[in-house]
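Beneath this line is the structure, given in structure tokens, with notes to follow.
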Amino acid sequence: MPDFKTVKSSRITISELMLPSHTNFSGKIHGGYILSLLDQIAFACACKFSGNYCVTAAVDTVEFLNPIEVGELVIMKASVNYVGTSSMIIGIRVESETIQTGKIKHCNSSYFTMVAKDKDGKNVKVPGLILSNLEDVWRFHHCINQIKLKKEKKLHEVIFDHKSAESLSELKNYNIKLELDL
């Protein structure tokens, strides 16, 4: 296995025509269907880069920006944006194209954390990442910031006292009715 691989070597693109069977009750393409496709491309991208079987460890961000319509072509572009020891953060951009007009809209941005595994299911080291341009550098830094924010959130959850008078009093600023059985 190479010690380092380029971001470009990890890139995967898939496209699929959206059918009526992919819709939700409002007639738009179901978010769950898109999530399934996102997981598939994240898997393919991580396996291609690492050369190993990979599993989804976390879905860190999924932003549904615009609805996708029946008859549109969905294009998903994925690449490895960050590598750790055995983990990779895969960035995915989802666009839809109206085939008749060629109009393209950005519909979704997602980040999946994938972990490479060996035949026995143990974590395995992944290649380092060669950043070849400033966009690669930006994406890598973006992932570093995401990781920092996740750690801060976990720390906050550990030290935050949700039972304190202060935290209970703060809830009056929200659209809730507090009826505690103490």
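Observations on the structure shown:
- Residue count for segment 135-162, restricted to those that are open to solvent by 100 Å² or more (accessible area, probe 1.4 Å) and either in contact with a Lys or Arg (Cβ under 9 Å, 6 or more places away or on another chain) or at pLDDT 85 or above (or both): 10
- Scan of segment 10-63 for residues that are assigned to a helix (DSSP H, G or I), touching a residue at least 60 places away in the same chain (Cβ under 8 Å) and of a type in the set (Val, Ile, Thr), ordered by number: ILE34
- Given (1) at pLDDT 95 or above; (2) open to solvent by less than 40 Å² (accessible area, probe 1.4 Å), number of the condition GLY27 does not satisfy: (1)
- Boolean, LYS105 is modelled with pLDDT of 95 or more, open to solvent by 100 Å² or more (accessible area, probe 1.4 Å), among the charged types (D, E, K, R) and not in a helix (DSSP H, G or I): no
- Within segment 38-86, the set of residues being of a type in the set (Val, Ile, Thr), over 22 Å from LEU129 (Cα atoms) and surrounded by fewer than 16 Cβ atoms within 10 Å (Cβ to Cβ) comprises VAL70 only.
- Among the residues making up segment 163-182, those that are of a type in the set (A, V, I, L, M, F, W, C) and exposed (fewer than 10 other Cβ atoms within 10 Å of the Cβ) are ALA165, ILE176, LEU178, LEU180, LEU182.
The values are calculated or read from the model by the stated rules, or taken from the named source; none is laboratory data. Because the structure is predicted, anything quoted here is derived from the model rather than measured. Quick reminder, even Gly has a Cβ in these numbers, built from the backbone with ideal geometry, and neighbours come from all protein chains shown. What goes into the accessible areas is simple: the full protein's heavy atoms, side chains included, and nothing from ligands, DNA or RNA. Shrake-Rupley method; radii C 1.70, N 1.55, O 1.52, S 1.80 Å.
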